[in-house]
1. Against the definition (open to solvent by 70 Å² or more (accessible area, probe 1.4 Å), modelled with pLDDT of 80 or more and of a type in the set (K, R)), how does R38 come out, yes or no?
2. E59 - would you say it is within 24 Å of the chain's Cα centre (by Cα), modelled with pLDDT of 85 or more and among the acidic types (D, E)?
Amino acid sequence: MNPFEMVVAIVIIVTIGSVVRAKLGIRRDRHGREYGVREDGALAAENHRLKSEIADLKERVQVLERVVTDNEGSLRLDREIEKLRDGLKSK
């Protein structure tokens with residue numbers, strides 16, 4: 001194989017690889033990282049479900065953080081619970 005044939009073969013291989021990547025929806029940024037993989041309907045629905053679940057979990061974590069760090073509120077809640085228990089015992 002002479003150098004010209006080798007160059008042509010390399011160009012053909014690269015072109016075929018680019019066409020296959022385009023068909024699969026795979027793109028690369030200028031740093032060579034892949035992004036934008038095409039999603040089918042089921043995968044898109046699963047992705048949406050997972051994103052909403054993550055948002056719900058983040059909200060729960062925020063509530064838990066607020067409860068854990070709110071010392072005065074938790075002490076007040078403890079006192080109110082004890083009052084309710086005392087009220088039930090006296091009846």
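The values are calculated or read from the model by the stated rules, or taken from the named source; none is laboratory data. Bear in mind that the values here come from a model prediction, so they are computed numbers and not experimental data. Keep in mind that these areas ignore ligands, DNA and RNA; they rest on the heavy atoms of the full protein, side chains included. Shrake-Rupley method; radii C 1.70, N 1.55, O 1.52, S 1.80 Å.
1. When the stated conditions are applied, R38 does not pass them.
2. yes
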